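Please treat every number below as a calculation from the coordinates, not as lab data. Here the structure is a predicted model, which means the values were calculated and not measured. Positions of Cβ are generated from backbone atoms using ideal geometry, with glycine treated the same way; all protein chains shown enter the neighbour counts.
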Amino acid sequence: MLQFAGLHHVAIICSDYERSKHFYTQILGLTAVGEVFREERQSYKLDLAVNGHYQIELFSFPDPPRRPSRPEALGLRHLAFAVADLDAAVAHLTEHSVSTEPIRVDAQTGRRFTFFADPDELPLELYEV
């Protein structure tokens with residue numbers, strides 16, 4: 001059987017690099033650990049850390065296609081961030097004019113969660129642990 005050491009990273013393509021960089025670093029508080037402009041592709045790549053662990057690559061590309069639908073398009077459904085205090089996390093997003101859906105309870109685990117969107121309407125989740 002194949003044995004994974006862990007999840008290495010998640011890649012996100014954005015339409016407006018500076019806007020998304022601000023959202024992920026200044027609003028969500030992820031740490032930029034590396035940034036490069038790839039001239040041949042006219043593309044930025046920003047490596048972001050979640051709680052000290054490199055996990056997200058934010059890319060820009062000229063004219064990327066839109067996601068077909070939200071969130072049930074074929075492929076990755078959403079990205080979920082674990083938080084210790086869901087109410088505080090929702091309040092922080094609200095202070096930064098980021099709307100969240102009503103808080104729900106996971107029927108299987110009893111844990112609370114909510115969804116919100118990044119600047120390109122990619123679905124993101126906060127899951128209380």
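What to note about this one:
- If you take all other residues with their beta carbon under 13 Å from the beta carbon of SER20, and give Lys and Arg +1 and Asp and Glu -1, the sum is -4.
- Using C-alpha pairs below 8 Å separated by at least 6 residues, the relative contact order for region 1-69 is 36 percent.
- This ranking places ILE12, ILE27 by how few other beta-carbon atoms lie within 10 Å of each, fewest first, which gives ILE27, ILE12.
- For the chain: relative contact order, % (alpha-carbon pairs under 8 angstrom, 6 or more apart): 22 percent
- The label-point distance for ALA91 and ARG111, in a model that sets each label 7 Å from Cα toward Cβ, rounds to 2.2 nm.
- J(HN,Hα) series, region 13-25, from Karplus relation 6.51 cos²θ - 1.76 cosθ + 1.60, nearest Hz, glycine and proline x: 9, 10, 8, 10, 4, 5, 5, 6, 4, 4, 4, 6, 8
- GNM flexibility winner over the chain from LEU46, LEU93, LEU58 (Cα, springs under 10 Å): LEU93
- Gain on full extension, evaluated as 0.36 nm per residue between ILE27 and ALA80 minus their Cα-Cα distance, stands at 17.5 nm.
- Amide N of region 110-129 lying under 13 Å from the label point, which is placed 7 angstrom from the Cα of ILE103 along Cα→Cβ: 111-115, 126-129
- 0 to 90° range, to nearest 10: angle between helix 86-95 axis and the chain longest Cα axis: 50 degrees
- Each Lys or Arg adds one and each Asp or Glu takes one away; over the other residues whose Cβ falls under 12 Å from the Cβ of PHE81, this sums to -3.
- Using only Cα coordinates, the Kirkwood hydrodynamic radius of the chain works out to 16.0 Å.
- Mean sequence separation of contacting Cα pairs (under 8 Å, at least six apart), scaled by the length of region 75-129, corresponds to a relative contact order of 44 percent.
- Within region 75-129, all pairs of alpha-carbon atoms sorted by distance into 5 Å bins from zero give the percentages 5, 20, 31, 27, 13, 5, 1.
- Mean shadow area of region 1-55, taken as a quarter of the surface of its Cα convex hull (nm²): 5.1 nm²
- Kirkwood-based shape ratio for region 25-70, expressed as Rg/Rh from alpha carbons: 1.05
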